[in-house]
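Remarks on the structure that follows.
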Amino acid sequence: MRSWLSDEEKRRAVDGTAFLQEEKNKIWEGPYIVHSYEVGTHTSAPLTIVCNYLQDAAWHHAQILQLGYEALLRENKNWVLARLAIEMERYPLWGEQITVRTWPKGTERLLALRDFEMIDDSGKKIGAASSAWVIVDTHR
């Protein structure tokens, strides 16, 4: 399976302002509530759930940037997560609402880079992550 980013895709992934009118679209943020079925024995969300929140946030932002699933599907392409590094101060607790913020960071060869922050309801950063994504051709 061959992977690549075209020059246009790189430009759009790195600089959402190239085709968006509003500066606020550079950063996406959304609330996530930790549900009972997402917690482990210590009532905190495990790493797998945190990863789900990050991937969901990236998906939402890609949609806004016109680089989401539907846009890529029309070109027989899709995003694949190549690398994810997460640092947590603490894990969110059952019933807690956190905010996930994400933004494109740039490119590294064939990879589109994206960063994240996780903020608790008091405004304190409880975690951060960096990711690298590649667009693959789904028909090869």
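The values are calculated or read from the model by the stated rules, or taken from the named source; none is laboratory data. Quantities reported herein were computed from a predicted structural model and do not represent experimental measurements. Methodologically, a virtual Cβ is constructed for each residue, glycine included, from the backbone with ideal geometry; neighbour enumeration extends over all protein chains shown.
Filter the range 69-121 for residues that are out of contact with any helix residue (DSSP H, G or I) (no Cβ under 9 Å at 6 or more places or on another chain) and among the polar types (S, T, N, Q) and give the result.
Result: N76, Q97, T99.
Specify the residue that is farthest from I49 (Cα to Cα); the eligible residues are those in the range 106-135 that are basic (K, R) and free of Cβ contacts under 8 Å to residues at least 40 places away in the same chain.
Among those that are basic (K, R) and free of Cβ contacts under 8 Å to residues at least 40 places away in the same chain, it is R109.
Need the failing condition index for A82 against (1) of a type outside the set (D, E, K, R); (2) over 28 Å from H35 (Cβ atoms); (3) in a loop (DSSP other than H, G, I, E, B), just the number.
Checking A82 against (1) of a type outside the set (D, E, K, R); (2) over 28 Å from H35 (Cβ atoms); (3) in a loop (DSSP other than H, G, I, E, B), the one that fails is (3).
If you take the residues in the range 26-50 that are surrounded by 16 or more Cβ atoms within 10 Å (Cβ to Cβ), free of Cβ contacts under 8 Å to residues at least 60 places away in the same chain and not in a strand (DSSP E or B), which one is nearest to the chain's Cα centre (by Cα)?
I49
Here are some conditions: (1) at pLDDT below 95; (2) touching a helix residue (DSSP H, G or I) at 6+ places or on another chain (Cβ under 8 Å); (3) surrounded by 16 or more Cβ atoms within 10 Å (Cβ to Cβ). Q66 meets all but one. Which one does it not meet?
With respect to (1) at pLDDT below 95; (2) touching a helix residue (DSSP H, G or I) at 6+ places or on another chain (Cβ under 8 Å); (3) surrounded by 16 or more Cβ atoms within 10 Å (Cβ to Cβ), Q66 is out only on (3).
Given L72, L54, L93, L110, which one is of a type in the set (A, V, I, L, M) and within 19 Å of W28 (Cα to Cα)?
None of the other options fit; the residue is L54.
Restricting to the range 65-94, count the residues that are of a type in the set (A, V, I, L, M) and under 15 Å from I126 (Cα atoms).
4
Across the range 37-58, what is the number of residues that are among the small types (G, A, S) and touching a Phe, Trp or Tyr at 6+ places or on another chain (Cβ under 6 Å)?
Here the count works out to 2.
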